[in-house]
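Worksheet for the structure shown next.
Read-outs: derived from the displayed coordinates by stated rules, not from any lab. Since this is a predicted model, take the numbers as computed values, not measurements. A quick note on method: Cβ atoms are made from the backbone with ideal geometry, for glycine too, and the neighbour counts reach across all protein chains shown.
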Amino acid sequence: MAACSKFGYGSLLGHAHTNGLLEHDVNSLFEFFGTKDFELILRLVWQATNVNKALKIRDDRTSQAYFNVRESLIKAVRAVHPEYADMEKHLPKMYHFLKCFDTVISLNYDLLVYWAITYGLNIYDGHKFKDCFLRDGKFDDSWQRMRKLYKETANTLVFYPHGNLSLCRNSVEIEAKIHASGANLLATILHTWCTGTRVPLFVSEGTMQQKITSIQGSHYLSTVYREVLTSQRSNLTIYGWALGEHDRHILNRMKDTGIKRVAVSVYGSSQAYCNYAYQVIKDELGPVEIDFFDCESPDCWITPKNTNQLVLK
C-alpha cells in the first residue's frame, strides 16, 4: 500500500463483478462452491475440461466457462497489479530491509517481494535471496540445505504460504515457478496463463478453512505450511499484516517454535489495532514479548542484523 494505492484492491472477484467480467455460468460456479477464490474455480474448471478432452466428451459449455474464468482473472490482475516501472523506485529500500532477516514469509500473492529480491541480483554485496526453486522451476524438497552458504556471505530464504502469481501448475499437478526478468515478469505470467497449459498457484481469498484446504491440495504450499512455518526461531517481525481471522492459521503453525519476541508494525498509531494484535498474538503464540513500531517511520527499515529472525509480510 505504501508503494502503490493499487495494492488496496479488496478483491479480484469484486473487480470482476464491478466491471461485468463474469458470465452467468461462472457466477454460478463461485456460488456453488461457496468461494471467492479465483484460483480454485479456474483450476476446477480447467481440470473438468481436460477430463472431457481425454474422454472425448464434447462439452462446449465447460470449455467456455474455463475461458471466461481465465480471461476474467487475467483482466482483473492486469487492472489491479502495478507495473514494474512504477515500483522500481521502491525496490532498493525493500531489498535492504528484507535482507536483514534470515527468512521472509510473504502472505501476499502479488509480485512486490519477488521484484525486491530479483533487484538484489544486480547488487554485489555478498547477500543472496533464495526461494528454494531450482533452475528447472521446480521446488527443492530439501529446502533446508539452501541455508548453507555457497558463494554468498549471508542469505535469506523466501516463501509464499498462500502462493504467488509467479507460481503455477500443469495438467498433472506439477508445480513450478515462472522465470522472467523483473520488467517482463507480469506479462510473462499472463501470457503463460493464456496458453492454457498452466494455471496459477495462489490462494487469493476465502475463509481460514478454505485457505487451509487449498494449501493441503498443493505440494509446495503444504510443505511451507508443515515444515517452514514450524521451523525453530526466536524472533518474529510482522509488517503490514492485519492479522485477520482468515489468516490466523499462519500464526497458529508457529506455536512452540521458540519465538520469544514479536515486533508488529502499526499504521496511523492505531491503539485499537495494537490491542487487537496483542491479544491475537498472545492467544496463538503464548507468553511472548511484543513490541509495536510505526510502519511509516524511516527507522523501521533499519533492522539490526540478528540471527534467526523471520519477517511476515
>> Quick query: amide H of I290 versus all other amide H atoms, modeled in the peptide plane; which residues come in under 5 Å with a sequence gap of 5 or more or a different chain?
In response: V262
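Which whole-number percent is the relative contact order of segment 54-201 (Cα, under 8 Å, 6+ apart)?
Result for segment 54-201 is 24 percent.
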> Taking the DSSP beta bridges in the chain as the whole, what percent of them are antiparallel, to the nearest 5?
Replying inline: 25 percent
> Percent relative contact order of the chain, based on C-alpha pairs within less than 8 angstrom and at least six residues apart?
Replying inline: 19 percent
>> In whole Hz and in residue order, list the ³J(HN,Hα) couplings for segment 46-61 that follow from phi through the Karplus curve 6.51 cos²θ - 1.76 cosθ + 1.60, θ = phi - 60°; x for Gly and Pro.
In response: 4, 5, 4, 5, 5, 5, 4, 5, 5, 9, 6, 9, 6, 8, 5, 5
>> Roughly how far apart, in whole Å, are the Cα centres of segment 138-183 and segment 1-69?
In response: 26 Å
> Roughly how compact is segment 86-131, stated as its Cα Rg over 2.2 N^0.38 Å to two decimals?
Replying inline: 1.07
> With charges only on Cβ, +1 for K and R and -1 for D and E, what is the dipole size of the chain about its Cα centre, in debye, rounded to 20?
Replying inline: 820 debye
> Using only the Cα atoms of segment 88-221, what do you get for the radius of gyration and for Dmax, in Å?
Replying inline: 15.0, 43
